[in-house]
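The values are calculated or read from the model by the stated rules, or taken from the named source; none is laboratory data. Quick caveat: nothing in here was measured; it's all calculated off a predicted structure. We place every Cβ from the backbone using ideal geometry, glycine too, and count neighbours over all the protein chains shown.
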Amino acid sequence: MRDATTHRATEEHAVKQFIKRMLARREASLVILLLVILVPITIRSPQFLSGTNINRIANDMSILAIVAIGEFFVILSNGIDLSVGSIIAFTGMASGMLNEAYPQVPVFLILLLGIGLGAIMGTVNGMLVAYGKIPPIITTLGTMSVYRGLTFVLSGGTWVTAHEMTTNYIGFPRQTFLGISALIWMALIVIGVTYYFSRFSRSGREIYAIGGNATAAKFVGVNEKRIRLMVFVISGTLFGFAGSLWTARYASAVNEMATGFEMQAVAACVLGGVNFAGGAGAIPGVVLGALFLGVLNNALPVVYLSTFYQTLVQGMVVLLALVINTVVDDRKTRKLLEQRRGR
Amino acid sequence: MSDKQDLVAKTRLLDESGWRNRLIELFTKWEVLLGIIFILMVIYFSNLTPYFLDSFNLMNASFQFSERAIMALPMIFIIMCGDIDISIASIIALCAYAVGTASAAGVGTPGLLVIGLAVGAAAGLVNGLLITGFNMPAIAVTLATQSIYRGIAQAALEERALTSYPQGFGFFGQEFIPGTYIPFMLVLYLALAVIMGFVLHKTAYGRRLYAIGSSPEAARFTGIKVKQIRVMNYTLMGLFAGIAGILLTSRILSARSNIALNWDLEVITLVVLGGVSINGGKGTIYGVVVASFLVGYLKFGMGLLRFSGTIMTIVIGTLLIIAVLLPRLLDTYKNNRKLKKQQLEAALNSAKA
């Protein structure tokens, strides 16, 4: 009898522990937050969760997810990349101009051009950070201006409009495969590859190590310069890819495109629980963060808030997420300390 | 024998009062290098266009950069402590909105000044309290408040502009000191630079900033109230953003929600270009003042020569990277010299023995 009660007690305890552990995960709290927003919105306007609207939100967040993942790797290594918008603008402009000048070039080559150019620009960032030893924030603040300026130089101040591009290219993001648009497929591929890379590859784990404690990582033989260069090459590549997709999706390439997009990318990371001190965070969180921003932007008109409120609401949500992250982190650390003291 | 001669020749390196060493010491200072770049720039532009070295033009051009230069002053304090603030452009938008709304409601010029400064300081205080209270990273917090502050102005103003201001409000941003053609804004900037320079270089507060920047932990252990000082810095930053907001509103007599977009990054560029280390603990007010004039007149000169804004953007971005790369190379050079000196000293000592 007594045995049974204790057994049940421990079982209950185990279940509680499990729930606690799940709830302690960033992804869980984000999902809950997402539900908190979704429930009243769906009650107010049931078509919010209709197939077409979900598809629209997913399309809207795909580019942001790709870009936020790029930003994630840099923040993970304890850096920041502010040149996001400028790399997107340059690669997007180059893609649009290539399509205008040589309409016969297939779409995948245009995407490759974006990826290649992005990788080169990311490499420049990475070289300056890893070998020039310039702090990431300064490097990318500088290259942000330089790349944006180069976009103007490349385009000569003009822009590429929808009717100057081929329907093949502009239509590409909207092509569907198994009922899902190409844009979403691209995002899914990026998410899958980067998830595997960050979780199971040696280099991916080394990024965590460098971000967590660079000195310790160096002592166990991690090549710091290589990792610092690598994160910027990854981010540049993804930004370049996003740039090519951006021009196709919005059917135009202008010099000012994606201005301020670095803030969106960083916001998605903050929402996803990525730690600015480096070394903590994961791809699923970042994707949820991007999804969250996508839902938020789509939900405003439903609750009769004009789009002019978008910036304000986004800022408050990011701040709230920050506070929650910090408080949860603090509690965890304190608990760990208490446990150690107890022993 | 030749070895000994060589040694004697090299002892010049040890001679601290020698003119050669003094010169090297002087010219490896970033502030001095900036000054030289500035002079070269002035010579370059005045050779190419007669309109550059015109005192009226030079004075008039200062309208374009004084607001940003003013905000660079407290930003030195913030970066000195290893912090950052990317919400200042949004604070300007918030102040402009508050001032514009109050003015439309019939508040007079003195009231508008008080409102602008108070809103700015309050916004800065909120930044500081959030960062130190929850112990959150400054860049993430000010990223959020950047959206919030501008978001308030955006939600309230939408696409409207507030354009009614009392007679005389335009003085601060448009007028000259009576009887001269020196803009009021420029005088205000220089006066604030002197005050902030005094605080940074001559007071205990300033010394504490350097201490915090070099090692926050060590500073805390020596009894410096690190958190209070950081909150104070952010409040000052907000106050100065309020000043800049008033000046800008007064200059263009219009308040829109997209006012001063991206100025935060431009201000940080000025501070870093001025030789303040982004990791904290290093830098002077002189460097930043020179950098503000350098960037301001570079833009002015390139504008006179009809360079496009694009080229300016590229030049300033490149300058920023060089500004960080070059002092690092200079440091390596200095360290090498120091090493050589030590080796020489050791060699001399053993020779004596």
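Quick check on the range A:316-329. Is at least one of its residues exposed (fewer than 13 other Cβ atoms within 10 Å of the Cβ), of a type in the set (Asp, Glu) and within 11 Å of chain B (Cβ to nearest Cβ)?
no
Please work out which one of (1) away from every other protein chain (no Cβ under 11 Å); (2) modelled with pLDDT of 85 or more is the condition B:ALA260 fails and give its number.
Going through the list (1) away from every other protein chain (no Cβ under 11 Å); (2) modelled with pLDDT of 85 or more, B:ALA260 breaks only (2).
Under the condition of being facing chain A (nearest Cβ under 8 Å) and out of contact with any Leu (no Cβ under 7 Å at 6 or more places or on another chain), which residue from the range B:132-144 is surrounded by the fewest Cβ atoms within 10 Å (Cβ to Cβ)?
So in the range B:132-144, the residues facing chain A (nearest Cβ under 8 Å) come out as B:134-137, B:139-141, B:143-144.
Add one more test, that the residue is out of contact with any Leu (no Cβ under 7 Å at 6 or more places or on another chain), and what stays is B:134-135, B:137, B:139, B:143.
On the way: B:PHE134: 14, B:ASN135: 11, B:PRO137: 17, B:ILE139: 18, B:LEU143: 25.
Looking at residues that are facing chain A (nearest Cβ under 8 Å) and out of contact with any Leu (no Cβ under 7 Å at 6 or more places or on another chain), I get B:ASN135.
Answer yes or no: is there a residue in the range A:131-143 that is outside any helix (DSSP H, G or I), touching a helix residue (DSSP H, G or I) at 6+ places or on another chain (Cβ under 7 Å) and among the charged types (D, E, K, R). I'd like the intermediate steps shown before the answer.
If we filter the range A:131-143 for residues that are outside any helix (DSSP H, G or I), which is where we start, we get A:131-135.
Imposing the further condition that a residue be touching a helix residue (DSSP H, G or I) at 6+ places or on another chain (Cβ under 7 Å) reduces the set to A:131-134.
Retained after the next criterion (residues that are among the charged types (D, E, K, R)): A:133.
Yes, the range A:131-143 contains a residue that is outside any helix (DSSP H, G or I), touching a helix residue (DSSP H, G or I) at 6+ places or on another chain (Cβ under 7 Å) and among the charged types (D, E, K, R).
Keeping to the range A:150-174, report how many residues are outside any helix (DSSP H, G or I), within 14 Å of chain B (Cβ to nearest Cβ) and among the polar types (S, T, N, Q).
1
Output the number of the condition that B:ALA346 fails; it satisfies all remaining conditions of (1) away from chain A (no Cβ under 13 Å); (2) within 23 Å of B:ILE79 (Cα to Cα).
(2)
Would it be correct to say that B:ARG230 is crowded, with 17+ Cβ neighbours inside 10 Å and closer than 18 Å to B:GLY133 by Cβ? Don't jump to the end; show me each part of the working.
On the way: crowded, with 17+ Cβ neighbours inside 10 Å: yes; closer than 18 Å to B:GLY133 by Cβ: yes.
Considered against the rule, which asks whether it is crowded, with 17+ Cβ neighbours inside 10 Å and closer than 18 Å to B:GLY133 by Cβ, B:ARG230 comes out as yes.
Confirm whether A:ARG341 is out of contact with any Gly (no Cβ under 6 Å at 6 or more places or on another chain), more than 13 Å from every other protein chain (Cβ to nearest Cβ), surrounded by fewer than 22 Cβ atoms within 10 Å (Cβ to Cβ) and of a type in the set (Lys, Arg).
Values: out of contact with any Gly (no Cβ under 6 Å at 6 or more places or on another chain): yes; more than 13 Å from every other protein chain (Cβ to nearest Cβ): yes; surrounded by fewer than 22 Cβ atoms within 10 Å (Cβ to Cβ): yes; of a type in the set (Lys, Arg): yes.
Criteria met by A:ARG341.
State yes or no: is A:LEU336 more than 13 Å from every other protein chain (Cβ to nearest Cβ) and closer than 20 Å to A:GLY70 by Cα?
Working: more than 13 Å from every other protein chain (Cβ to nearest Cβ): yes; closer than 20 Å to A:GLY70 by Cα: no.
In short, no.
If you take the residues in the range A:101-149 that are surrounded by fewer than 21 Cβ atoms within 10 Å (Cβ to Cβ) and facing chain B (nearest Cβ under 8 Å), which one is nearest to B:GLY317 (Cα to Cα)?
A:ILE137
Quick check on A:THR311: is it surrounded by fewer than 24 Cβ atoms within 10 Å (Cβ to Cβ) and more than 9 Å from chain B (Cβ to nearest Cβ)? If you could, list the steps in order and put the result at the bottom.
On the way: surrounded by fewer than 24 Cβ atoms within 10 Å (Cβ to Cβ): yes; more than 9 Å from chain B (Cβ to nearest Cβ): no.
So A:THR311 does not fit the description; no.
Check whether at least one residue in the range B:209-222 is modelled with pLDDT of 90 or more, aliphatic (A, V, I, L, M) and touching a His at 6+ places or on another chain (Cβ under 8 Å), and report yes or no.
no
Just for the range A:257-289: of the residues that are part of a loop (DSSP other than H, G, I, E, B), within 11 Å of another protein chain (Cβ to nearest Cβ) and of a type outside the set (Ser, Thr, Tyr), which one is surrounded by the fewest Cβ atoms within 10 Å (Cβ to Cβ)?
Across the range A:257-289, the extreme among qualifying residues is A:ALA277.
For the structure I just gave you, tell me whether B:VAL290 is within 14 Å of chain A (Cβ to nearest Cβ), assigned to a helix (DSSP H, G or I) and either buried (at least 18 other Cβ atoms within 10 Å of the Cβ) or at pLDDT below 85 (or both). Don't jump to the end; show me each part of the working.
Details: within 14 Å of chain A (Cβ to nearest Cβ): no; assigned to a helix (DSSP H, G or I): yes; either buried (at least 18 other Cβ atoms within 10 Å of the Cβ) or at pLDDT below 85 (or both): yes.
No, not satisfied.
Which of the residues that make up the range B:294-334 are of a type in the set (Phe, Trp, Tyr), surrounded by fewer than 18 Cβ atoms within 10 Å (Cβ to Cβ) and assigned to a helix (DSSP H, G or I)? Reasoning before the result, please.
Step one: list which residues in the range B:294-334 are of a type in the set (Phe, Trp, Tyr), which gives B:297, B:300, B:307, B:333.
Subsequent filtering for residues that are surrounded by fewer than 18 Cβ atoms within 10 Å (Cβ to Cβ) retains B:307, B:333.
If the condition is that a residue be of a type in the set (Phe, Trp, Tyr), surrounded by fewer than 18 Cβ atoms within 10 Å (Cβ to Cβ) and assigned to a helix (DSSP H, G or I), then B:TYR333 is the only one that fits.
Could you count how many residues in the range B:147-177 are of a type outside the set (A, V, I, L, M, F, W, C), more than 7 Å from chain A (Cβ to nearest Cβ) and not in a loop (DSSP other than H, G, I, E, B)?
3
Could you please find all residues in the range A:185-223 being surrounded by 16 or more Cβ atoms within 10 Å (Cβ to Cβ), without any contact (Cβ under 8 Å) to a residue 60 or more places away in the chain and either outside any helix (DSSP H, G or I) or not small (Gly, Ala, Ser) (or both)?
Residues satisfying the conditions are A:TRP185, A:PHE197, A:GLU206, A:VAL222.
Would you point out which residue out of B:ARG328, B:ARG337 is without any contact (Cβ under 8 Å) to a residue 24 or more places away in the chain and either within 12 Å of chain A (Cβ to nearest Cβ) or among the basic types (Lys, Arg) (or both)? Spell out the reasoning first.
Details: B:ARG337 fails: without any contact (Cβ under 8 Å) to a residue 24 or more places away in the chain.
Residue meeting the stated conditions: B:ARG328.
So, in the range B:15-70, exactly how many residues are touching a residue at least 60 places away in the same chain (Cβ under 8 Å) and in a loop (DSSP other than H, G, I, E, B)?
Number satisfying all stated conditions: 5.
Exactly one condition in (1) part of a loop (DSSP other than H, G, I, E, B); (2) within 14 Å of chain A (Cβ to nearest Cβ); (3) surrounded by fewer than 18 Cβ atoms within 10 Å (Cβ to Cβ) is not met by B:LEU129; state its number.
That leaves (1) as the condition not met.
Does A:VAL231 satisfy the criteria of being over 19 Å from A:LEU111 (Cβ atoms) and modelled with pLDDT under 85? Give the steps one after another, and end with the answer.
Numbers: over 19 Å from A:LEU111 (Cβ atoms): yes; modelled with pLDDT under 85: no.
Judged against the criteria, A:VAL231 is not a match.
Quick grid of which residues meet (1) within 14 Å of another protein chain (Cβ to nearest Cβ); (2) over 24 Å from B:ILE91 (Cα atoms); (3) part of a loop (DSSP other than H, G, I, E, B); (4) aliphatic (A, V, I, L, M):
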position: B:GLY223; (1), (2), (3), (4): no, yes, yes, no
position: B:LEU236; (1), (2), (3), (4): no, no, no, yes
position: B:GLY242; (1), (2), (3), (4): no, no, no, no
position: B:GLY245; (1), (2), (3), (4): no, no, no, no
position: B:THR249; (1), (2), (3), (4): no, no, no, no
position: B:GLU266; (1), (2), (3), (4): yes, no, no, no
position: B:GLY275; (1), (2), (3), (4): yes, yes, yes, no
position: B:LYS282; (1), (2), (3), (4): yes, yes, yes, no
